[in-house]
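K.L.:
So that we are looking at the same thing, I have put the structure below in structure tokens.
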Amino acid sequence: MSARLVPAAGDRTGRRPDVPLRITVDGEPVDGVAGQTLAGVLLAAGRRTWRRGPSGAPRGVFCGIGACFDCLLTVNGVRDVRACRRRARDGDAVATQSRDAR
Amino acid sequence: MSRHVVVVGSGPAGLGAAAGALRAGARVTLLDAAEDPGGQYHRMPPAAFGAARPGRLHHGWRGFERLRDRVLGHPRCAWWPESAVWSVDRTEQGPPHVHVLRGEADGAGRERHVLRPDGLVLAPGAHDRVLPFPGWELPGVYTAGAAQALAKGERLVVGDPVLIAGSGPFLLPVAASLIEAGATVLEVLEANPAATVARGWAARPWELAAQAGKAGELAGYAGLLARHRVPYRTGRAVIEARGDGRVEEAVTARLHHDWSVVPGTERTVPVDALCVTHGFSPQLELPVAAGCRLRGGAFTDVDDDQRTSVPGVYAAGEITGIAGAPAARTEGLLAGWAAGGGDPGDRAAAALRRRRDRARAFAGRLAAAHPVGAAWPGWLRPDTIVCRCEETDYGTLLHAADGAAAGSARAVRLGTRAGLGPCQARVCGPTVAELLRGRAGGGDPHRRPVAQPIRLGELANPPVDTPDKKESAR
Ligand SMILES: Cc1cc2nc3c(=O)[nH]c(=O)nc-3n(C[C@H](O)[C@H](O)[C@H](O)COP(=O)(O)OP(=O)(O)OC[C@H]3O[C@@H](n4cnc5c(N)ncnc54)[C@H](O)[C@@H]3O)c2cc1C
Ligand code: FES
């Protein structure tokens, strides 16, 4: 098993039923839930990595709160957006990035 | 006109500061880079989740809601969500000017604002400190705080099964959150031996009694672990993560009290995710940019009323010492009261100072129970990455420190690029400083003149007029 969203039915916080949203990642559709960050959408969809370090090594979320900059993505054409801090919007076009593609 | 107090950060410390300043009669602008107040401790679920009972995941939620509603609904308080302070400018007289970007996180074309407060309270909090070990850069290795933030804030478990390791009381709430969210927690590893932990916790029992709330919270977590048969092992640590493109196994080992590995005690554990923390690093870039003196190079130095060394600048919460949410709130109340021009002789302020001092004593006890052992670099191999951004490894770092270019930490950083990547040494800074101690001198791992990223286009735009009247987004 891997990362997953706690199902809304049975969530102790009394979350309302999920409102779906869809983003694209390098052109591929990925489904998420309104309220998730981009990092949350990607992780819950089974993706752990979306950036490459200088050596090409894969990276995804590390700190989860905007401190490490490991989770950078290009969102609707804007580079270097921290996926853990950006709320996903229906229709967001996301592109993975690597460190040297500047 | 009443004093204008700007409070940066709306965690327990910042919310407390806003309340303190309002009580003193000041006008307050409370701002946070996040969309909601609460900080790391009272992390609110996103509005779109429509959670009817968010308090189920939190201690002291009622009290938080009351404080939040009182502060945000106050006629003298302006609440600025999604507002990142990217720089503070020292001035000849009075507190520094505060440069703010308002808009979506890391967006382009956010609005620039400049605030010129009569009093400034800094309460930006901390992030996990994780010591490097071979493989810690593999996807699926998270800070414990990341697992906590995603579980509380987005109802996401980072993996299943998970292993939680490192040091400190924070391991317990993280394990509790993951269990609550339905993940299998294999074990919780505290690197310090039982004797160190027990000595730290058992000393001076009257202090513990005075912190009944926090101690009870921790006892509750311990009970939960026991009920779910999750072992809490002391004197054992994760010394390596392995896997092909993602973490698949953790290597754990017994440690001596100084965190050197006991040979032959290695064990390999298959994991889906690994959550690690070795304490917290305060976010010191704003106090450093403001010119505030540090205590021991590690925390913002404050006096009895949370005043920093810079006139008009106050600090509260984790940037003054790691003491937990109740301490942060109390420090905030004091800082806000003083920043707002409140009477230092006030009876309530005196009571707050006593409460703050008890909370600090509790923090001292935690630090004693969960020290970082000096022999941890023994886990490192020459090819172990130390700076995640630039992938500088331990061997390269040592070589540069011993080589001809040695002498200054700055020269080592320029030569190896350690600490010069996107995170600006937030993650590796304290570690590199520690590894180079005695080899290369100088350098301040907390100097980051640009505290949050700003885009060139945004920088080129003039600041918009700062509204003086109350405005509130929610
Ligand atoms: C990820 C994480 C999770 C944690 N979870 C727990 C927990 O479950 N239980 C527990 O006991 N302790 C937890 N802690 C410890 C926690 O930090 C403290 O107990 C408490 O929250 C500290 O309060 P604070 O007000 O000092 O800081 P914080 O609560 O961290 O609040 C700081 C606020 O300042 C804002 N901020 C920072 N820099 C800027 C800037 N430049 N511009 C604008 N805003 C800014 C941040 O967005 C944040 O909201 C956690 C820590 C971390 C890092
Ligand atoms: S995971 Fe660290 S900045 Fe997003």
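K.L.:
Can you check how the C-alpha radius of gyration of the protein assembly as shown compares to 2.2 N^0.38 Å, as a plain ratio? Each step should come with its number before you reach the end.
P.N.:
Values: Rg = 22.7 Å, N = 576, 2.2 N^0.38 = 24.6 Å.
Normalised by 2.2 N^0.38 Å, the Cα Rg of the protein assembly as shown equals 0.92.
K.L.:
I need to check one value: relative contact order of chain B, counting alpha carbon pairs closer than 8 Å and at least 6 residues apart, in percent. Write out the running numbers ahead of the final one.
P.N.:
Values: 1069 pairs, mean separation 98.9, N = 474.
Result for chain B is 21 percent.
K.L.:
Given the DSSP H assignment, sum -39500 (n - 2.57) over each helix run of at least 4 residues in chain B and divide by its residue total; what's the result at 222 nm in deg cm²/dmol, nearest 500?
P.N.:
On the way: 14 runs with 150 residues, N = 474.
Helix-only estimate at 222 nm: -9500 deg cm²/dmol.
K.L.:
If you don't mind, there's one more thing I want to ask. Would you compute, for the Cα atoms of segment B:1-153, the largest minus smallest coordinate along each principal axis and list the three values in descending order, in whole Å?
P.N.:
55, 37, 29
K.L.:
Of all the accessible heavy-atom surface of chain A, with the other protein chains kept in place and a 1.4 Å probe, what percent is carbon and sulfur? List each step's numbers first, then the result.
P.N.:
Numbers: 2100 of 4080 Å².
The nonpolar share, carbon plus sulfur, comes to 52 percent.
K.L.:
Now for a different question. Quick one: grab Rg to one decimal and Dmax as a whole number for segment B:380-441, Cα atoms only, in Å.
P.N.:
10.1, 27
K.L.:
Could you tell me what percent of the DSSP beta bridges with both partners in the protein assembly as shown are antiparallel, to the nearest 5?
P.N.:
Numbers: 46 of 83 bridges.
Percentage antiparallel, nearest 5: 55.
K.L.:
Quick one: compute a quarter of the convex hull surface over the Cα atoms of segment B:129-279 and quote it in nm².
P.N.:
Projected area, direction-averaged: 9.0 nm².
K.L.:
Here is a further query. How big is the dipole moment of the protein assembly as shown about its Cα centre under a simple scheme where the beta carbon of each Lys and Arg is +1, that of each Asp and Glu is -1, and everything else is neutral? Debye, nearest 20, please.
P.N.:
It comes to approximately 1140 debye.
K.L.:
Tell me the trypsin sites (Lys or Arg not before Pro) within segment B:407-440 that lie in a loop according to DSSP and have at most 12 other beta-carbon atoms within 10 Å.
P.N.:
Working: sites: B:Arg410, B:Arg413, B:Arg417, B:Arg426, B:Arg437, B:Arg439; in loops: B:Arg417, B:Arg426, B:Arg437, B:Arg439.
The qualifying sites are B:Arg437.
K.L.:
Next question. Please report, for the Cα atoms of segment A:19-95, the Rg to one decimal and the Dmax as a whole number; what are they, in angstrom?
P.N.:
11.4, 38
K.L.:
Placing +1 at every Lys and Arg Cβ and -1 at every Asp and Glu Cβ, with all other atoms neutral, what dipole size does segment B:129-279 have around its Cα centre, in debye to the nearest 20?
P.N.:
Values: 14 positive and 15 negative charges, 100 e Å.
The calculation lands at about 480 debye.
K.L.:
Got the relative contact order for segment B:5-162 handy, in percent, Cα pairs under 8 Å and 6 or more residues apart?
P.N.:
It rounds to 26 percent for segment B:5-162.
K.L.:
Next up: Quick one: which residues, 5 or more positions from B:Trp136 or on another chain, have an amide H under 5 Å from its amide H? H modelled 1.01 Å from N in the peptide plane, none for Pro or chain starts.
P.N.:
Those lying under 5 Å, H to H, from B:Trp136 are B:Ala241.
K.L.:
Hey, another quick one. Per residue, what accessible area does chain B have, given a 1.4 Å probe and all protein chains present, in Å²? Intermediate values should be presented prior to the final figure.
P.N.:
On the way: 18180 Å² over 474 residues.
It amounts to 38 Å² per residue over chain B.
K.L.:
Same structure again: Please give me, ordered by residue number, the GluC sites (Glu not before Pro) of segment B:38-133 that lie in loop per DSSP and have at most 14 other Cβ atoms within 10 Å. Kindly include the intermediate steps, with their values, before the conclusion.
P.N.:
Values: sites: B:Glu65, B:Glu82, B:Glu92, B:Glu104, B:Glu111; in loops: B:Glu82, B:Glu92, B:Glu104.
Listed in order of number, the matching sites are B:Glu92.
K.L.:
Quick one: grab the alpha carbon gyration tensor of segment B:237-348, order the square roots of its eigenvalues as a ≥ b ≥ c, and give me rounded if a/c is under 1.5, else prolate or oblate depending on whether a/b is larger than b/c. Spell out each step's value before the answer.
P.N.:
Numbers: a/c = 3.09, a/b = 3.03, b/c = 1.02.
Taking the square roots of the gyration eigenvalues as a ≥ b ≥ c, segment B:237-348 is prolate.
K.L.:
For chain A, what does the accessible surface come to per residue with a 1.4 Å probe? Please give it in Å². Could you put the intermediate results ahead of the total?
P.N.:
Values: 4080 Å² over 102 residues.
Using a 1.4 Å probe on heavy atoms only, each residue of chain A averages 40 Å².
K.L.:
Right, something else. Determine Rg/Rh for chain B; Rg is computed over alpha-carbon atoms and Rh is the Kirkwood hydrodynamic estimate from the same atoms.
P.N.:
Numbers: Rg = 22.3 Å, Rh = 23.2 Å.
On the Cα set of chain B, Rg over Rh gives 0.96.
K.L.:
Where does the charge balance sit around B:Pro344 when Lys and Arg score +1, Asp and Glu -1, over other residues with C-beta under 13 Å from its C-beta? Don't skip to the end; give the middle numbers.
P.N.:
Details: positive: B:Arg307, B:Arg347, B:Arg353; negative: B:Asp303, B:Asp304, B:Asp305, B:Asp343, B:Asp346.
Taking every Cβ under 13 Å from that of B:Pro344, the sum is -2.
K.L.:
What quantity of accessible surface, computed with a 1.4 Å probe and excluding non-protein components, is buried in total between chains B and A, in Å² to the nearest 100?
P.N.:
Numbers: alone 20550 and 6520 Å², together 22260 Å².
Summing both sides, the interface buries roughly 4800 Å².
K.L.:
Looking at B:Val98, B:Ala191, B:Ala363, which one has the Cα that reaches farthest to the positive end of the dipole of chain B (charges on Cβ: Lys, Arg +1; Asp, Glu -1)?
P.N.:
In chain B, that residue is B:Ala363.
K.L.:
Do any residues of segment B:144-161 show a loss of at least 40 square angstrom of accessible area between the isolated chain and the full protein assembly, using a 1.4 Å probe, and if so which?
P.N.:
B:Glu154, B:Arg155, B:Leu156, B:Val157, B:Asp160
K.L.:
Here's another thing I want to ask about it. So in the protein assembly as shown, which Cys have no other cysteine's beta-carbon sitting under 4.7 angstrom from theirs?
P.N.:
Those would be A:Cys71, A:Cys84, B:Cys77, B:Cys275, B:Cys292, B:Cys389, B:Cys423, since no other cysteine Cβ in the protein assembly as shown comes under 4.7 Å of theirs.
K.L.:
Would you mind telling me the share, in percent, of accessible area of chain B contributed by carbon and sulfur at probe 1.4 angstrom? Write out the running numbers ahead of the final one.
P.N.:
Working: 9590 of 18180 Å².
Ligands and nucleic acids excluded, carbon and sulfur give 53 percent.
The values are calculated or read from the model by the stated rules, or taken from the named source; none is laboratory data. Quantities reported herein were computed from a predicted structural model and do not represent experimental measurements. Cβ atoms come from the backbone with ideal geometry, glycine included; neighbour counts cover every protein chain shown. Heads up: the accessible areas ignore ligands, DNA and RNA and are worked out on the full protein's heavy atoms, side chains in. Shrake-Rupley method; radii C 1.70, N 1.55, O 1.52, S 1.80 Å.
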